[in-house]
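The values are calculated or read from the model by the stated rules, or taken from the named source; none is laboratory data. Quick caveat, the model's predicted, so the values are computed rather than measured. For neighbour counting, all protein chains shown are included, and Cβ atoms are generated from backbone atoms with ideal geometry for every residue, glycine included. The area values use the complete protein model at the heavy-atom level, side chains included, leaving out ligands, DNA and RNA. Shrake-Rupley method; radii C 1.70, N 1.55, O 1.52, S 1.80 Å.
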Amino acid sequence: MKNPPSPFFSECRMTSIGLLTVCETNGHITELSWGDHSSPSAPPSELTHLAFEQLEAYSQKRLQTFSLPIIFIKGTDFQKRIWQTLLQIPYGVTVSYSELAEMAGCPKAVRAVGMACHCNPISIIVPCHRVIGKNKKLTGYAGGLDVKRRLLDIESHSQPIQGCKDGQ
């Protein structure tokens, strides 16, 4: 007998950060992505509402640590290890891709670490925006470099980041 389908919920909202979709499966956030990726057959849930409340508090500098249950349902073991390592980067701190690779115990896999960051299914909560180039310049981000800069500005204790256009 087949297992019953997992309960699936999704919600898309325009936030002060941008248009975001949050998905939940079995009581865990499984996706937080840029744009509208919601499913018309999947209603919102209390957890997706809570995620948007926390995102709003984060964008207003009232929240530094998300308290949402998350689970990675897709991805390779290597990607999941990198995503778990991203959760160790404190609010307001940036690391380079090579530093992240070292933190994850794979110092020679810098490019693979970059690709894992690119594939992060739970953006913002799993803070791949805190990873920058070794030269301290902003590099690619699924939401765009302007959004990455804005997220880092939210977490900044000083002045907004200036002069970082398309990784320059």
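With protein chains left intact and a 1.4 Å probe, residues in the chain average 55 Å² of accessible area per residue.
Taking amide hydrogens as placed 1.01 Å from N in the peptide plane, the amide H of residue 96 sits under 5 Å from those of 132, each at least 5 positions away in sequence or on another chain. If you wrap the range 20-78 in the convex hull of its Cα atoms and look at it from every side, the mean projected area works out to 4.9 nm². Converting phi to 3J(HN,Hα) with the Karplus coefficients 6.51, -1.76 and 1.60 and the offset θ = phi - 60°, the range 76-90 yields 7, 4, 4, 4, 4, 5, 5, 5, 5, 5, 4, 5, 7, 7, x Hz in sequence order, with x at every glycine or proline. Sequence-ordered 3J(HN,Hα) estimates for the range 99-109 from the Karplus curve with 6.51, -1.76 and 1.60 and θ = phi - 60° stand at 5, 4, 4, 5, 4, 7, x, 9, x, 8, 9 Hz, glycine and proline given as x. Among 57, 34, 23, which residue has its Cα positioned farthest towards the positive end of the charge dipole of the range 21-68, with +1 placed on the Cβ of Lys and Arg, -1 on the Cβ of Asp and Glu, and the dipole taken about the Cα centre? The listed residue farthest towards the positive side: 57.
For residue 119, the accessible surface of its heavy atoms amounts to roughly 60 Å² (probe 1.4 Å, protein chains only, rounded to the nearest 10). Per-residue SASA remark: residue 153, around 40 Å² accessible (1.4 Å probe; ligands, DNA and RNA not included). Calculated FRET efficiency, residue 108 to residue 49, Cβ-Cβ distance, R0 = 41 Å: about 0.45 to the nearest 0.05.
Taking the inverse of the mean reciprocal distance over all distinct Cα pairs, the Kirkwood hydrodynamic radius of the range 1-145 comes to 15.9 Å. Maximal additional length on extending the residue 135-residue 157 stretch stands at 5.9 nm, based on 0.36 nm per residue less the C-alpha distance. In the chain, the longest principal axis of the Cα atoms and the axis of helix 46-59 are about 20 degrees apart.
Each of 69, 121, 109 was placed along the dipole of the range 21-168 (beta-carbon charges, centred on the mean Cα), and the one lying farthest toward the positive end is 109.
Dipole size of the chain about its Cα centre, with +1 on Lys/Arg Cβ and -1 on Asp/Glu Cβ: approximately 600 debye, rounded to the nearest 20.
Solvent-accessible area of the chain (1.4 angstrom probe, protein heavy atoms only): carbon and sulfur portion equals 54 percent. Taking 0.36 nm per residue of separation and subtracting the current Cα-Cα distance, fully stretching the chain between residue 80 and residue 41 would add 11.2 nm. The dipole here belongs to the range 1-91: it is taken about the Cα centre, uses +1 on the Cβ of Lys and Arg and -1 on the Cβ of Asp and Glu, and is about 260 debye.
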